[in-house]
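Scroll down for the structure; my scribbles are underneath it.
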Amino acid sequence: MILICDPAGRPAKEGFGLKEIINAVIQGVIQGLSEFLPVSSSGHLALFQHFTGNSGEAGFLLSVVLHLGTLAAVFAAFWKTVITLVKEFFIMCADIFRTVFKMEGNKFSWKKMNGPRRMLVMVIISTAMIVPFYIAVKPFEEKFLVNPDPIVIGVCFLIT
């Protein structure tokens with residue numbers, strides 16, 4: 001058993017109490033309900049954490065864990081599509097390689113893309129569109145992610 005001490009050297013309470021568990025469940029429900037709606041699940045979690053006093057590194061860690069849970073649920077629900085896209089990515093890379101080095105075999109063509117390849121290209125393009133925003137926000141990342149201000153969250157709600 002490991003005891004954790006506070007800065008004054010007094011033993012901190014061990015484990016989680018009922019309040020922390022209920023808080024985590026409520027945040028899980030917020031994440032689950034808002035993730036697949038056209039609203040910001042991260043923003044709603046940040047607001048809940050701010051108004052309940054759970055922001056900071058512990059709140060950020062819980063948000064990351066909740067988002068990883070969402071990612072796992074999406075992969076579990078769409079595992080066939082994910083596997084198809086991963087296979088198509090490697091096939092597309094080989095086709096691009098053959099096209100660039102003028103080798104024999106299937107060549108990359110914008111006009112003759114199958115469904116999975118078209119979807120993969122759209123995912124790549126839509127992901128690339130966030131890069132300029134990320135570069136612009138990078139200097140403020142720590143302030144926004146770990147302990148965001150409700151005003152900043154509200155402005156981000158308006159943007160998204």
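Throughout, read-outs are computed from the coordinates displayed, never taken from laboratory work. What you see is a predicted model, and the numbers here were worked out from it, not measured in a lab. Every residue, glycine as well, gets a Cβ built from its backbone with ideal geometry; the counts of neighbours run over all protein chains shown.
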GNM of the chain, Cα pairs under 10 angstrom: of 145, 68, 37, the biggest fluctuation goes to 37
Scoring the chain by relative contact order with C-alpha pairs under 8 Å, at least six apart, yields a percentage of 25 percent
Among chymotrypsin sites (Phe, Trp or Tyr not before Pro) in segment 106-150, those in a DSSP loop whose Cβ has at most 13 other Cβ atoms within 10 Å are 110
FRET efficiency (residue 157, residue 104; Cβ distance; R0 41 Å; to 0.05) is 0.15
With x for Gly and Pro, the residue-by-residue ³J(HN,Hα) of segment 98-103, computed from phi through the Karplus equation 6.51 cos²θ - 1.76 cosθ + 1.60 at θ = phi - 60° and given in whole Hz, is 5, 5, 5, 9, 6, 9
Taking 0.36 nm per residue of separation between residue 39 and residue 136 and subtracting their Cα-Cα distance, the length gained on full extension comes to 32.7 nm
Given unit charges at Cβ for Lys, Arg (+) and Asp, Glu (-), the dipole magnitude of the chain about its Cα centre in debye, nearest 20, is 900 debye
Taking trypsin sites (Lys or Arg not before Pro) in a DSSP loop with at most 16 other Cβ atoms within 10 angstrom as exposed, one finds the longest site-free stretch of the chain at 14-101
